[in-house]
Amino acid sequence: MNRLLQPGLILVLVLVLAGAVGAAGPTKDECALAGIKSPEQLTAFVKNLQKVIKNGDKAAVAAMVNYPIEVELNGASVSIEEKTAFIQNYEAILTKEVQTSVLEANVDDIFVNRRGAYLDFLEMTVEGDELGIKAINK
């Protein structure tokens, strides 16, 4: 390779890699498309969800849901209408696999489109002004 081209190629690679490293989850425009106020709102929601799951706080997780929520129970899609039913079925809804996935996730794992935000098994949407979990798909 021409020695004069090497510094230019190195600079291009550094700039491309710096851009990739700087990418930190959904942008403000992507969040706005889904009705989410800001990337910070989404990040705070996910971090709080991770905290309450880690602490085993079923009521706090249930409070972060937009009801009715679509979940999979015993191989069938079911609509859970309210917090009490969610808490009663917590272990079947938030299996160890789902919990581990959420606990190990980071902001770069969140995908956003006009319908909502997605984090592996979770679909999050805005209802009114509140961001919440709308579906859990296993």
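Observations, loosely collected:
- Scanning region 104-124 for residues that are in a helix (DSSP H, G or I) and of a type in the set (Asp, Glu), we see that the one that is surrounded by the most Cβ atoms within 10 Å (Cβ to Cβ) is ASP109.
- Some residue of region 121-130 being more than 26 Å from ASP29 (Cβ to Cβ) and free of Cβ contacts under 8 Å to residues at least 40 places away in the same chain: no
- The residue of region 125-138 that is surrounded by the fewest Cβ atoms within 10 Å (Cβ to Cβ), among those that are over 19 Å from GLU40 (Cα atoms) and in contact with a Ser or Thr (Cβ under 8 Å, 6 or more places away or on another chain), is LYS138.
- When VAL71 is tested against (1) in a strand (DSSP E or B); (2) touching a Pro at 6+ places or on another chain (Cβ under 7 Å), just one condition goes unmet, and that condition is (2).
- Single residue of region 90-103 satisfying the filter (among the charged types (D, E, K, R) and within 20 Å of ALA63 (Cα to Cα)) that is surrounded by the fewest Cβ atoms within 10 Å (Cβ to Cβ): LYS96
- Number of positions in region 55-81 that are charged (D, E, K, R), surrounded by 13 or more Cβ atoms within 10 Å (Cβ to Cβ) and under 20 Å from THR125 (Cβ atoms): 2
Each reported figure results from applying straightforward, stated rules to the coordinates on display, with no laboratory input. Computed from a predicted model, the values in this text were never measured in an experiment. FYI the Cβ positions are ideal-geometry reconstructions off the backbone, even for glycines, and counts take in every protein chain you see.
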